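Before any comments, here is the structure.
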Amino acid sequence: MKRFTFLIALVILSIIPAMAQQDAQYTQYLFNGLVINPAYAGTRETLSALAIYRYQWVNLDGAPRTLGASVHSPLGDTNNALGLTLENDVIGVHNRFSAYATYAYHVPVSNKAKLSLGLSAGVLSYRSDWTQLESVQDLTDPNFTNQIDNKLLPNFGLGAYFYSDRYYIGLSAPHLLNSKLNDISQLSKYKRHYFLSGGYVFDLSPSLRLKPSFLLKSIPAEAPFNADLNLNLLIKDMVWVGFGYRTGDAVLFTASYQTDFGLRIGYAYDFNVSKLNPYNSGSHEVMVGWDLVRGKPEKVLSPRFF
């Protein structure tokens, strides 16, 4: 079993550049914006907290499991906002934990639109426990035996986020420094990622809204653009149902519910359509979020659709 875990880990590491997935990916990225863009901090105009657990490629030994949490808030009536993100990602014998503090400044552009500029700084702890692996019969490289590889790597990120209560577009690089992750492979490096995202809300009726959105992901010189394309239906400003497509990877299904007192719960399922399809049962993602409600609920969330 451990030998198979080792082989799967190598396969996953080999496809990371091709799929632009070195960072953990989330199907419910719309509600987890702080992870991909530090300028998202404060955009919900209240204290907002969110946690997502993702189990990717169920039944595939050594497959990714990710727990991400974030909290952010504007600072009083100023244009400043602060945030914090924590993320723990496990793939086979590899464990990646990151903690980033975020600052954003919001510039009013019009009565309804703002431009937010964000900066994040923090550390990445990367641990590879090669001692969990059984020795392969023809393996002679001593690096793979009785070794635990630990790295603590500082990093920082930048982002811009232009938004109103109807649309948004964001551009970000969550971590700008390229870092070597372990001492075994020269190919094992934490690469700089770029994200471009956008969305718009259309009114279909007083109780129905349609929200198309996209997320483009790129690792320059390492992989082509990878895209999440989504279409969501919002019912009575409380229930979300949607589907999407992640290029070359999966068909996506999402559903969430938002209460009047700020609680949000959500679920997403990815049906894998890549060459990994015969070896897994898809990916599951559970989300719980909460926005502090002050006064009347209808005046709290802006932009409430993102």
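Amide H to amide H distances under 5 Å link L263 with D291, where only residues 5 or more positions off or on other chains count and H is placed in the peptide plane. Here the label points at L292 and N277, each 7 Å from Cα along the C-beta direction, are separated by 4.7 nm in the simple model.
Cβ-Cβ distance of D165 and V123, R₀ of 30 Å, FRET efficiency by 1/(1 + (r/R0)^6): the value works out to about 0.30. Derived scalar couplings between HN and Hα for the range 48-63 equal 10, 10, 8, 9, 10, 10, 10, 10, 8, 6, 4, 6, 8, 4, x, 6 Hz in order, rounded to whole Hz, by the Karplus curve 6.51 cos²θ - 1.76 cosθ + 1.60 (θ = phi - 60°), x for Gly and Pro.
With θ taken as phi - 60° and the Karplus curve 6.51 cos²θ - 1.76 cosθ + 1.60 applied, the whole-hertz 3J(HN,Hα) list for the range 267-281 is 9, 9, 10, 10, 9, 6, 10, 8, 5, 7, 3, x, 10, 8, 10 Hz, x standing for glycine and proline. Working note: Karplus 6.51/-1.76/1.60 with θ = phi - 60° gives the range 155-166 the couplings 7, 8, x, 9, x, 10, 9, 9, 8, 9, 7, 10 Hz, where Gly and Pro are set to x. Checking the cross-link pairs K217/K275; K151/K275; K114/K211; K191/K211; K112/K211; K114/K191 against a 24 Å limit on the alpha carbon distance flags K151/K275; K191/K211; K114/K191 as lying beyond it. Spin-label model, N178/N150: points 7 Å from Cα along the beta carbon direction are separated by 2.8 nm. If the segment from A113 to Y257 were pulled out straight at 0.36 nm per residue, it would be longer than the present Cα-Cα gap by 49.2 nm. Counting 0.36 nm for each residue step from A99 to R65 and taking away their Cα separation leaves a gain of 10.5 nm. Measuring nothing but how far apart in sequence close Cα pairs (under 8 Å, 6+ apart) lie, relative to its length, the range 25-103 scores a relative contact order of 27 percent.
Every read-out reported here was derived from the displayed coordinates using simple, explicitly stated rules and does not represent laboratory data. Note that the structure is a prediction, hence the values are computed from the model and not measured. Using ideal geometry, Cβ is built from the backbone for each residue, glycine included, and neighbour counts are taken over all protein chains shown.
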